[in-house]
Amino acid sequence: MAEKYGVDRKHASYVEKMSLSLFDKTWNYHRLGDQEKLYLQVAAILHDSGNYVSLSEHGNHSSNIIRTQSIMGFSDKELELIANIAKYHTTRIPTYSDQSYYVLSHHEKILVSKLSSILKIAESMDISHMQKIREIEVLASADALQLRLISNKDILLEKWDILNNIEFFQEVMGIRIKLKA
């Protein structure tokens, strides 16, 4: 499906890898399971499928594409969750004025918020589409979570974008973030 919609495979694969790494390394804060991890994985692979329709508002377009597809193994409800996760990988955050988010149960809203906050950071880690960050280390202290970006390249743009998107992650996960490169 990603090929059908012209998704940049290197970028999508990288965002998938970083999303899953962040999911695993922040488990103590989100406490989600393997099924939710799978939702994140699919959303990461398809998050840019909406570029096929338009670069403008591509998060919305990605969401619409995912929600209208049949993906083997996923119910319509699960596709709705995945669509919402992909929708919010951009600078947008979920709001009650957004109908697709509003109709979700309280539990589903929390799930979408947690997973989209992870996807948003992973997307920021490759905002240049050049896969400059080799790895991310997550170190926990009593009052903060330190994200250490491992790279031997200039990652000023990636750090800037992460800092622009970190507030939502902090709010959803309930922990302050310190970024270190």
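FYI, it's all coordinate maths here, none of it is from the lab. Everything numeric here is computed off the predicted structure, so don't read it as measured data. Cβ coordinates were reconstructed from backbone atoms using ideal geometry, including for glycine residues, and neighbour counts include every protein chain displayed.
What the table below lists for this structure:
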quantity: Local electrostatic count, VAL138, Cβ distance below 14 Å [Lys/Arg +1, Asp/Glu -1]; calculated: +2
quantity: The range 65-171, Rg to Rh (Cα coordinates; Rh as Kirkwood inverse mean 1/r); calculated: 1.02
quantity: Sequence of ASP34, ASP161, ASP24 once ranked by neighbouring C-beta atoms within 10 Å, starting from the fewest; calculated: ASP34, ASP24, ASP161
quantity: Exposure proxy order (Cβ contacts within 10 Å, fewest to most) of ARG67, ARG134; calculated: ARG134, ARG67
